[in-house]
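Notes follow the structure.
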């Protein structure tokens, strides 16, 4: 059996490309507390740099802001299987209370999980240009809708900040923006596992 130099060159190029692709994938993998794939879209979530492009492609945009005005995430996260996976897709570490049920830290903020919940992570969903909806389900079980925005903010009363322009969700004037901080267990349940 004889193999031409041209055929051998093609095979070597194909093997090289396969090795480069494998090395690239290995370099992109990071540690995560979830074993699931964060994105299953046909294009990489990082290919979408605007809310409109991301949500228009049926993917999910994530925005996370703290009570100091810092935007911790404002990016396309693909098609995560749940709200927790969306946070992980953005590279944000998640801390939980001692029971393991409530998300009390996102991206190492606050520096320690609080023992009382005067402030907590508020979890929202919205259509682009729509109205923020306070989540009635925990992040571990809520499945983000394709083409929607997931939002988190830290505080007793807050709405996620960081999205600019026409796609920015609005705060409803008909209902309170968040749960009542005096009812900490029920407010914290919205971020429960």
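The values are calculated or read from the model by the stated rules, or taken from the named source; none is laboratory data. These numbers come from a predicted model, not from an experiment. Cβ: placed from backbone, ideal geometry, glycine included. Neighbour counts: every protein chain shown.
Residues to consider are 91, 78; find the one that is modelled with pLDDT of 95 or more, assigned by TED's automatic domain parsing to the domain that holds residue 54, surrounded by fewer than 23 Cβ atoms within 10 Å (Cβ to Cβ) and not in a strand (DSSP E or B).
None of the other options fit; the residue is 91.
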Considering only region 95-128, how many residues are more than 20 Å from residue 162 (Cα to Cα) and assigned to a strand (DSSP E or B)?
5
Please tell me if residue 62 is outside any loop (DSSP other than H, G, I, E, B), within 18 Å of residue 161 (Cβ to Cβ) and at pLDDT 95 or above.
yes
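Quick check on residue 162: is it at positive phi, in contact with a strand residue (DSSP E or B) (Cβ under 6 Å, 6 or more places away or on another chain) and either outside any loop (DSSP other than H, G, I, E, B) or surrounded by fewer than 20 Cβ atoms within 10 Å (Cβ to Cβ) (or both)?
yes
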Out of curiosity, is residue 144 assigned by TED's automatic domain parsing to the domain that holds residue 69, modelled with pLDDT of 95 or more and either over 27 Å from residue 100 (Cα atoms) or part of a loop (DSSP other than H, G, I, E, B) (or both)?
yes
Considering residues of region 165-182 that are at pLDDT 85 or above and assigned to a loop (DSSP other than H, G, I, E, B) only, the residue surrounded by the most Cβ atoms within 10 Å (Cβ to Cβ)
169
